[in-house]
There are 2 protein chains.
Amino acid sequence: MSVVEDISRRRGGREARKALRARPIPREEAAVRPGMEGGQYRPLKERDMERIHETALKLLETVGLGQAIPSCIEALTAKGAFMNEHGRLCLPKALIEDTLAICARDFVLYGRDPKHDMEPWGNKVYFGTAGAAVHIVDVQTRTYRESLLADLYDCARIVDQCEHIHFYQRPITARDMLTGHDLDINTMYACMAGTSKHVGTSMVAPEHVTECLEILHYVAGGEEKWRARPFISQSNCFVVPPMKFAEDACRCLEVAVRGGMPVLLLSAGQAGATAPAALAGTVAQAVAECLAGLAYVNAIKPGAVAIWGPWPFVSDLRTGAMSGGSGEQALITAACAQMGHFYRLTVGSAAGMCDSKLPDVQAGYEKGVTASLAAMTGINLLYESAGMHASLLGFCLESLLIDNDMLGSINRNVRGIEVNDESLSFDVIANVCIEGPGHYLGHDQTLSLMQKEYIYPALGNRMSPKEWNEAGRPDIVERATARKMEILTTYYPEYIPTEIDDLIRSKHDIKLPREVMQPGDPRWFT
Amino acid sequence: MSVVEDISRRRGGREARKALRARPIPREEAAVRPGMEGGQYRPLKERDMERIHETALKLLETVGLGQAIPSCIEALTAKGAFMNEHGRLCLPKALIEDTLAICARDFVLYGRDPKHDMEPWGNKVYFGTAGAAVHIVDVQTRTYRESLLADLYDCARIVDQCEHIHFYQRPITARDMLTGHDLDINTMYACMAGTSKHVGTSMVAPEHVTECLEILHYVAGGEEKWRARPFISQSNCFVVPPMKFAEDACRCLEVAVRGGMPVLLLSAGQAGATAPAALAGTVAQAVAECLAGLAYVNAIKPGAVAIWGPWPFVSDLRTGAMSGGSGEQALITAACAQMGHFYRLTVGSAAGMCDSKLPDVQAGYEKGVTASLAAMTGINLLYESAGMHASLLGFCLESLLIDNDMLGSINRNVRGIEVNDESLSFDVIANVCIEGPGHYLGHDQTLSLMQKEYIYPALGNRMSPKEWNEAGRPDIVERATARKMEILTTYYPEYIPTEIDDLIRSKHDIKLPREVMQPGDPRWFT
């Protein structure tokens, strides 16, 4: 007798269903898992992708990139690049083809905990945060306040508890860090203190990268162990669109690559401002820029781990302001994801942010439309998919938790629909129609599929209007606040063991107070 | 000199952009139009569709449908159907194949105004309402009240003003109509009084269909004119899943088909309750049921206009309650849309409703995810895509307006991304990078594409946090209420001319007071 039969025999229908729902299910049998395979949505045709590729090659060979630093010029000219008459570094087709022949593919992005390792290749999809918001959304007062270092740690702890958020790239700028040095070291520290999922962060100067690597060696238990399972990647805006290298970022990139830190090669143009208003042109420019970045990385260290990150954004052309929640944003992110598949690269791009300032209905649909369409392309890493508001200016911890529900729902679609003899259910339908009872409510198939075919929101409300009214018309943002406070006041994972933390704090200027990282945090308990 | 150059020469950048944005643009040049071509998202593989088709055929031939009325049995047995030993009407494969060979395809669904005619075939997508909600959401008090006849008229007027809502199927039940007769006649009347877009409605008894046809003949200017451009379709739940005919609905169907009224063949099973919990099985059952409906219609009148409507819904298996906002809902609606394309039928299904009771962030993401994924399949008619809450129990007029913005954003994705020499923008990029100014803000291409490549929300807020704060932190639901009141107190289209209205009112019991249909409506002006 199966568990299902056993439970349903012993209990009545509704109670049996509740018991089944509560029963733990092995991860591999659950309705969704990290890294489901997408790719069912393909906005670009094959010929479209070829034409974008051809345009990118022509841009790289004839327009080239400005402001290359000497080490970049040296590395790339050794591989066939040349400076043109405008002082721009041009990359011929053969160099790009050589790059694509040798670059890293099918690499794991590691979590501190191996259960969070990601395999971001093919059409596998992972969801995560990102950004550099300068505000935290206060949902109670409907206002924005400055984002702080402790917020980074709090966000990390919430992400660590969110089933459908698979990695944590730093979403905010810690504005209480007054120097670039303090910012870089402490951002990385606060992120990895709060989650054992893969962390992405950013650095502004090459010597900070070196210092971060020292810290990572301590945490990993030595350089060799760090290099075997690098659990932090560097989000690197190596290019200032259109088609110019960012000098400091390039210097940071080189140190990261040599230090075994995966890099996200991020080109963040804005259509109509720093990229063409024509969406195909925006995609072509981003593709060209990210191919240049890939050539650069591979010229420094062939086969270095790099995530290919064309991240174009959209302008509202009435004002020039960014509109990350627009329909056009979904479209260009989806197209960039497809270009990643065209090259068979690990591709990460941004969707799921919104223009709305608060977690309201506008935020919901902007996030729903952009994240779902981008995900369905089989994008490997979907950045900015949780928590982000105001086109990257405001981050909301309540939204992290609400977006986690949304991403679960999207992930169910990424998984898709299995069609086989069992799922087609001919025998089940015939049985119910002919033998009775004329419905499927108590059928074994129904009970056995409760958690395998369906997912359930943690915060989303599915009550009838009557039940909802009787329950006092609960508000989802209030529920999210309650859950947020529950996590922040009780969940203090020890991802940096005390003896290692002592070592780090003795050698580096760690600004996150220890009392914030343990029960009784004075922020909540005073 | 182009208009763009002319305007931008005479004015500064930002002012020029504002002027261009305000300039009327021909509909065929706008970023989106009704009936954009989708189909870029295909959750089912070819072989999956074949297997669903084979399962549906086997269900129809061996399980058949119960409760067929005599006229249905007579019409279908004349075409090769037979009664099996369980008293169920079975439809052999040859009958389905014959049906698919002769059924109507590529038919127009007419608006009262020809500018709203729809061509719902191929991968063309149209968005509309639907449902039979019994409540109206009051966003001020966060409560639900009974839905009334005047609400149907109000919803119609709002839909008439919404650019991205292309048809109006009655979304609510007028609970002040105390008999089936009053409900059927007045629902149709209130809908067509408020919009010149195509209207869908429903009827509960065949004699009401006859009476509705009489009214439609008056409005059209005679039966011949009605039959030439039928602007009302009948939403018909001819089947009670699993696999049983609905007797009254079948009688209504026959009168509609003979009277030249397009029918929507709607199968509304609920996975885990009245359809299998396995999603492939739910789709197979819905496909079988709707193929039976199509055979029935064509047995009565070969080539009669019928929209193929597999509309399966999802249960939350913990409670058995419907969950129209779930990820699974997006998936099965998308799969049904694809099955419609498999048969090359005009397919309509439901997505864009939500489980949330209010226009909040949950409502937004549920609508965004489900409507966008369903739309991207190239579904011809997307019902329930605006205004619906609480899994079809509550309808919200504010949400109609907010969802209109969302549907515009989705429609931009349905249109997709054009890749050609001009849009690839090689020359523009080269020019900006090499000649300067290093950005695209004032570029001719940017100005010329403002309305052709981009759409703008009517209610959605794209301000920066600073601007938003200075503007008093506007709330989107409050803005929607203001816009709703503006429409309802000023927009009184005369879609039923007075002399025809006099005629209709003299012969039929029209319950919508005339004073509600003109300026000074006592509901608002007392």
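Structure summary
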| read-out | value |
| --- | --- |
| Contour excess over end-to-end distance, with Cα ends at residue B:214 and residue B:138 and 0.36 nm allotted per residue | 23.8 nm |
| Label point 7 Å beyond Cα along the C-beta direction, distances from residue B:47 to other copies (nm, shortest first) | 2.9 |
| R0 of 60 Å, Cβ-Cβ distance residue A:71-residue A:481: FRET efficiency to nearest 0.05 | 0.80 |
| P(r), alpha carbons of the stretch A:386-483 - 5 Å bins starting at zero, rounded % | 2, 10, 13, 15, 14, 14, 12, 9, 6, 3, 1, 0 |
| Rounded percent of accessible protein surface that carbon and sulfur make up, chain A, 1.4 Å probe | 50 percent |
| Rounded FRET efficiency, nearest 0.05, which uses the C-beta distance separating residue A:452 from residue A:499 and R0 of 41 Å | 0.40 |
| Distance (nanometres) between label positions extended 7 Å along Cα→Cβ at residue B:105 and residue B:509 | 4.6 nm |
| Charge context of residue A:282, other residues only, Cβ under 12 angstrom, K/R +1, D/E -1 | -3 |
| Shielding by partners - mean other protein chain Cβ count within 10 Å, residues of B:387-394 | 2 |
| Within 10 Å of each Cβ in B:373-380, the average number of Cβ atoms from other chains | 3 |
| For chain A, the spread of Cα positions along each principal axis, largest first, Å | 81, 60, 50 |
| Hits among lysines - C-alpha to C-alpha of residue B:225 under 18 Å, sequence gap 8 or more where chains match | B:115, B:197 |
| Solvent-accessible area lost in complex, 50 Å² minimum, residues of the stretch B:338-366 relative to chain alone, 1.4 Å | B:357, B:361, B:362, B:365 |
| Label point 7 Å beyond Cα of residue B:301 along Cβ direction - residues of the stretch B:494-509 with amide nitrogen under 18 Å | none |
| For the stretch A:462-526, the Rg and Dmax computed from alpha carbons only, in angstrom | 18.9, 60 |
| Local electrostatic count, residue B:245, Cβ distance below 14 Å [Lys/Arg +1, Asp/Glu -1] | -2 |
| Convex hull volume of the protein assembly as shown per residue (C-alpha atoms, cubic angstrom) | 176 Å³ |
| Per-residue mean of C-beta atoms belonging to partner chains within 10 Å, peptide B:267-275 | 4 |
| Calculated FRET efficiency for the pair residue B:28/residue B:421, C-beta based, R₀ 22 Å, to 0.05 | 0.55 |
| Rounded to 5, percent antiparallel among DSSP beta bridges of the protein assembly as shown | 35 percent |
| Cβ-vector label at 7 Å, residue A:176, separations to other copies in nm | 5.8 |
| At 1.002 mPa s and 20 °C, Stokes D of the stretch B:22-159 from Kirkwood alpha-carbon radius, µm² per second | 106 µm²/s |
| Spatially proximal lysines relative to residue A:93 (Cα-Cα < 25 Å; intrachain offsets below 8 disregarded) | A:45, A:58, A:79, A:244, A:301 |
| Rounded accessible area of residue B:115 (nearest 10 Å², 1.4 Å probe) | 120 Å² |
| Cα centroid of the stretch B:125-144 to Cα centroid of the stretch A:310-325, whole Å | 32 Å |
| Segments A:319-328, A:457-466 sorted - mean Cβ within 10 Å per residue, highest first | A:319-328, A:457-466 |
| Partners for residue B:357 among lysines (Cα-Cα distance below 20 Å; same-chain residues under 8 apart left out) | A:367, A:466, B:367, B:484 |
| Spatial separation of Cα centroids for the stretch B:261-283 and the stretch B:435-469, in angstrom | 43 Å |
| Proximal charge balance of residue A:125 [Cβ under 12 Å; K/R count +1, D/E count -1] | +2 |
| Computed helical MRE - 222 nm, chain B, DSSP H runs ≥ 4 contributing -39500 (n - 2.57), nearest 500 | -13500 deg cm²/dmol |
| Heavy-atom surface of the protein assembly as shown, accessible at 1.4 Å and reported per residue (Å²) | 33 Å² |
| Using a 7 Å Cα-to-Cβ projection, residue A:438 label spacings across copies, nm, ascending | 7.6 |
| Highest average packing first - A:380-387, B:130-137, Cβ atoms within 10 Å | A:380-387, B:130-137 |
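The values are calculated or read from the model by the stated rules, or taken from the named source; none is laboratory data. Keep in mind the model is a prediction, meaning the values are calculated, not measured. Here Cβ is always computed from backbone atoms with ideal geometry, including for glycine, and neighbour counts include all displayed protein chains. These accessible areas exclude ligands, DNA and RNA; they are computed on the full protein's heavy atoms, side chains included. Shrake-Rupley method; radii C 1.70, N 1.55, O 1.52, S 1.80 Å.
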